[in-house]
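Let me begin by presenting the structure, written as structure tokens, before commenting on it.
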Amino acid sequence: MTPDLQPAFRALADPTRRDILRLLGDRDMTIAEVSDQFDMTRAAVKKHLVMLSDGGLITVRSEGRERINSLNAQALRPVMDWLGWFDRFWDTRLDALKSVIEQETPDD
């Protein structure tokens, strides 16, 4: 049974959220630290972080008064598996095209 990928794809649909994921891939960050990387309000960044959390792509933990955001890279595995089908799709077609071209190309 395949997992529901809709929340993850919804989270990945926005370029700002993809940039946030790249940042969190380097290190865990507070909302303030993420906000410092963008020209938008902290509230706007918080909305992006909520979407990423709802998509399962980040985890949020409390440390005192701070909320620390971390990349949940394992949640990207089902997305990568789904996208992998298209790699195989194109590999098969490109291999067939290569065979046709090689058959039509005269040997030197």
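Worth a mention:
- Rounded FRET efficiency, nearest 0.05, which uses the C-beta distance separating Asp95 from Ser53 and R0 of 35 Å: 0.30
- Over every Cα atom in the chain, the radius of gyration and the widest Cα-Cα span, Dmax, amount to 20.3, 73 Å.
- The residue list Trp90, Gln103, Ile58 was ranked by how far each Cα lies along the charge dipole of the chain toward its positive end, using unit charges on Cβ atoms, and Ile58 comes out on top.
- Phi to ³J(HN,Hα) by Karplus 6.51 cos²θ - 1.76 cosθ + 1.60 over the range 22-38, Hz, x for Gly, Pro: 4, 4, 6, x, 7, 6, 5, 9, 7, 4, 4, 5, 5, 4, 4, 8, 10
- Here the dipole of the chain is about 880 debye; that uses its Cα centre as origin and unit charges on the Cβ of Lys and Arg (positive) and Asp and Glu (negative).
- Amide H within-cut-off set for Arg67, under 5 Å, with H built and near neighbours excluded: Ile31
- Each helix, a run of at least 4 DSSP H residues, gives -39500 (n - 2.57); summed and divided by the residues of the chain, these come to -19000 deg cm²/dmol at 222 nm.
Read the figures in this text as sums done on the coordinates, not as results from a lab. Values in this document were obtained by computation on a predicted structure and should not be read as measured data. Glycine also receives a Cβ, built like all others from the backbone with ideal geometry; neighbour counts cover every protein chain displayed.
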